[in-house]
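What follows is a set of notes on a single structure, which appears directly below.
The values are calculated or read from the model by the stated rules, or taken from the named source; none is laboratory data. Model, not experiment: these values are computed from the prediction. Note: ideal-geometry Cβ built from the backbone for every residue, glycine included; neighbour counts use all protein chains shown. We work out accessible area using only protein heavy atoms, side chains counted, and drop any ligands, DNA or RNA first. Shrake-Rupley method; radii C 1.70, N 1.55, O 1.52, S 1.80 Å.
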Amino acid sequence: MLQQSIEKKRAELMLKAKHYGFGAKETLTCSIELDELIIAYQENRLPGLRH
């Protein structure tokens, strides 16, 4: 489930970057959301990683 969310958000990020550019607020917000999903995935896969 989390992997699917990551892939969906990654595709959304690429579309926003194409449309708005890499430095646009919309793109950066989406990038932060993707980062958060990836961190959550890593924490689920590797408990204790951030402790």
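Helix 25-45 and the long axis of the chain differ in direction by around 20°, with both axes built from C-alpha atoms.
Heavy atoms only, probe 1.4 Å: what % of the accessible area of the chain goes to carbon and sulfur, would you let me know? Could you put the intermediate results ahead of the total?
Numbers: 2360 of 4200 Å².
Carbon-and-sulfur percentage of accessible area, whole number: 56.
Among the listed values (i) 27, 43, 23, 7; (ii) 22, 26, 26, 17, 8; (iii) 23, 45, 20, 10, 2, the one matching P(r) over Cα pairs in 10 Å bins from 0, in percent as calculated from this structure is (i).
Among the trypsin sites (Lys or Arg not before Pro) found in the chain, those both in a DSSP coil and sparsely packed, with 14 or fewer other Cβ atoms within 10 Å of their Cβ, are ARG50. List the chymotrypsin sites (Phe, Trp or Tyr not before Pro) in the chain that DSSP assigns to loop (not H, G, I, E or B) and whose Cβ has at most 16 other Cβ atoms within 10 Å. Which are they? Listed in order of number, the matching sites are PHE22.
Residues in the chain average 82 Å² of solvent-accessible surface per residue, probe 1.4 Å, ligands and nucleic acids excluded. With every protein chain in place and a 1.4 angstrom probe, the accessible-area ranking of LEU2, LEU28, largest first, reads LEU28, LEU2. Here is how the number arises for the chain: DSSP H runs of 4 or more residues each give -39500 (n - 2.57), the sum is divided by the residue count, and the result at 222 nm is -27000 deg cm²/dmol.
Which value, in debye to the nearest 20, describes the size of the charge dipole of the chain about its Cα centre when Lys and Arg Cβ atoms bear +1, Asp and Glu Cβ atoms bear -1, and nothing else is charged?
For the chain, the charge dipole is close to 100 debye.
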